[in-house]
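First up is the structure itself, then whatever we jot down about it.
The values are calculated or read from the model by the stated rules, or taken from the named source; none is laboratory data. Bear in mind the structure is a predicted one, so any value in this text is a computation, not a measurement. Methodologically, a virtual Cβ is constructed for each residue, glycine included, from the backbone with ideal geometry; neighbour enumeration extends over all protein chains shown.
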Amino acid sequence: MTDDSLFWTRRRFFRSSAATVSGALGAMAMGDLLRASAPPPRPQPGPRPSTHHAPRAKRVIYLHMEGGPSHLDLFDHKPGLVDRYDQDLPESVRNGQRLTGMTSGQQRFPVAPSMFRFHRRPNRQDGAWISELLPHLGQQAHELCIVRSMHTEAINHEPAITFAQTGTQQPGRPSIGAWCSYGLGSDNRDLPTFVVMITQGFGNMQALAARFWGSGFLPSEHQGCKLRNSGDPVLFLRDPPGVTRQDRRAMLDLVTAFGRRQAERSLDPELEARLAQQEMAFRMQMSVPDLTDLRDEPESTWQLYGEEAKNPATFASSCLLARRLCERGVRFVQLYMRGWDAHGNLPSEMRAQCKAVDQPIAGLLVDLRRRGLLDDTLVVWGGEFGRTVYSQGGLSRDNYGRDHHPRCFSMWLAGGGVRAGTVFGETCDYGYNIVRDPVSVHDLHATMLHLLGFDHERLVFRHQGRDFRLTDVAGRVVGELLG
């Protein structure tokens with residue numbers, strides 16, 4: 001058995017087998033079998049789907065707060081909870097809803113009001129209540145479309161992040177960044193269409209699987225390219241000692257020639273994607289050092305993002321690079337900030353987390369606005385779920401924890417055609433259930449795709465005989481979020 005046999009497709013197998021059938025009748029019979037049994041050709045890397053309507057946004061910056069930030073301590077102000085401190089959460093509110101294994105055995109569920117003050121920030125309605133933990137972002141309330149009625153199906157991190165990023169709790173589907181790469185294509189042939197950066201946080205951190213930014217069954221050229229925050233941003237960015245650019249080019253040309261011959265024999269579309277990635281890697285050896293060289297940034301940049309932006313390991317640095325990537329035509333930039341899983345010691349962990357992201361995010365919005373990029377850049381902030389109103393573990397006036405809560409949580413959008421300066425949706429007095437304008441993860445995805453010019457029901461990819469889409473069989477465009 002040769003290596004070539006590993007690449008045989010069903011169609012090639014039948015075609016080769018037909019050569020052994022003797023006589024015209026046998027050949028005709030085999031031809032009928034081929035026409036009846038051959039699957040439709042798999043879409044090849046290359047031309048992208050056209051947008052279905054005029055897009056409002058050309059690109060996305062998705063700020064994912066891994067772990068589930070507490071909506072009750074950031075964007076969903078519930079002053080009435082102060083008088084309910086340490087009271088048991090009424091059963092009529094919880095209503096037998098699912099709990100995680102971390103609190104299902106608690107003898108009681110004491111209400112834990114947020115210990116942080118909220119300020120009413122001017123927006124285009126009657127103001128947005130935003131926590132004192134986010135003073136810089138609060139000054140940008142006029143740019144934010146805050147959704148307080150998000151909900152999700154998953155209650156644990158792994159399936160919840162998978163759902164938020166791929167539209168399903170089951171692994172294996174393309175991420176939203178990959179879908180956008182597939183739909184939009186690239187505006188810069190020297191950088192990937194989809195770039196991911198990860199920052200370590202200050203609290204409990206869950207594992208981040210590469211499939212959260214994977215391409216699933218889409219051609220692999222659409223998977224996210226992870227930029228590292230230590231050492232070279234991309235592995236093997238530099239040629240080994242003694243290897244010149246001309247040497248590298250000659251080696252790449254030879255490998256490409258072999259690869260194209262193999263692709264012709266095997267009919268494997270992934271080979272074409274790999275060849276394209278090899279070419280991209282070669283060009284990135286020049287484009288990535290230019291991207292990450294911040295010496296040309298003026299002093300005003302550091303005033304916006306903070307001095308921490310000079311440290312590649314910080315979230316501030318990732319926010320600055322996100323702006324630079326957008327300027328260079330990258331379509332989808334995803335920043336992960338880990339450490340929001342505050343099961344205990346929430347006040348101290350939240351202070352550290354918010355301090356790390358507040359000024360950089362506000363600076364990013366201001367920077368995009370000043371450079372004329374915000375109107376066609378969709379910025380999305382949020383986690384995979386929220387946190388419970390009741391305390392996990394011990395409760396005191398200055399310390400508490402919160403468990404996972406998928407029934408309602410807050411996210412916000414900015415730029416890219418959203419209705420800026422607004423607050424949408426409402427939760428109950430306990431911040432436990434949605435009472436007005438629910439928005440599901442599928443709805444969010446449908447709305448994001450709409451802003452990018454796509455009908456979420458028509459942006460599909462045929463796989464295993466079925467047309468798949470990011471929103472699966474659900475989702476609606478939330479018109480109230482559109483500007």
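Is there a residue being touching a Phe, Trp or Tyr at 6+ places or on another chain (Cβ under 7 Å), buried (at least 22 other Cβ atoms within 10 Å of the Cβ) and among the small types (Gly, Ala, Ser) anywhere in the range 408-424? Yes, that holds for at least one residue. Given the criteria assigned by TED's automatic domain parsing to the domain that holds Gln169, touching a Ser or Thr at 6+ places or on another chain (Cβ under 9 Å), without any contact (Cβ under 8 Å) to a residue 60 or more places away in the chain and charged (D, E, K, R), does Glu426 qualify? Spelling it out, it is not the case that Glu426 is assigned by TED's automatic domain parsing to the domain that holds Gln169, touching a Ser or Thr at 6+ places or on another chain (Cβ under 9 Å), without any contact (Cβ under 8 Å) to a residue 60 or more places away in the chain and charged (D, E, K, R). Residues being touching a Lys or Arg at 6+ places or on another chain (Cβ under 9 Å), of a type in the set (Lys, Arg) and in contact (Cβ under 8 Å) with a residue 12 or more places away in the chain are entirely absent from the range 111-121.
Could you list all residues from the range 342-379 that are in a helix (DSSP H, G or I), of a type outside the set (Lys, Arg) and farther than 19 Å from Ile146 by Cα? Let's see the steps before the verdict.
The first filter runs over the range 342-379 and keeps only residues in a helix (DSSP H, G or I), leaving 346-370, 374-376.
Those still in the list that are of a type outside the set (Lys, Arg) too: 346-350, 352-354, 356-368, 374-376.
Within the range 342-379, Leu346, Pro347, Ser348, Glu349, Met350, Ala352, Gln353, Ala356, Asp367 meet the criteria.
When Thr427 is tested against (1) surrounded by 24 or more Cβ atoms within 10 Å (Cβ to Cβ); (2) in contact with a Gly (Cβ under 8 Å, 6 or more places away or on another chain), only condition (2) is not met.
Pairing residues of the range 461-476 that are not assigned by TED's automatic domain parsing to the domain that holds Asp443 with residues that are part of a strand (DSSP E or B) and surrounded by 19 or more Cβ atoms within 10 Å (Cβ to Cβ), at Cβ distances under 7 Å and at least 6 apart in sequence or on separate chains, gives no pairs at all.
Considering every residue within the range 171-185, establish whether at least one is among the polar types (S, T, N, Q) and surrounded by fewer than 21 Cβ atoms within 10 Å (Cβ to Cβ).
In the first step, residues of the range 171-185 are kept if they are among the polar types (S, T, N, Q); the result is 175, 181.
The next check asks that each one be surrounded by fewer than 21 Cβ atoms within 10 Å (Cβ to Cβ); those that pass are none.
No, the range 171-185 contains no residue that is among the polar types (S, T, N, Q) and surrounded by fewer than 21 Cβ atoms within 10 Å (Cβ to Cβ).
In the range 103-191, counting only helices (runs of 4 or more DSSP H) that sit wholly within it, the ones holding 3 or more residues that are of a type in the set (Gly, Ala, Ser) span 176-184. A search for C-beta distances below 9 Å between a residue of the range 152-168 that is buried (at least 24 other Cβ atoms within 10 Å of the Cβ) and at pLDDT 95 or above and any residue that is part of a helix (DSSP H, G or I) and of a type in the set (D, E, K, R), counting only pairs 6+ apart in sequence or on different chains, returns Gln165/Arg211; Thr166/Arg211.
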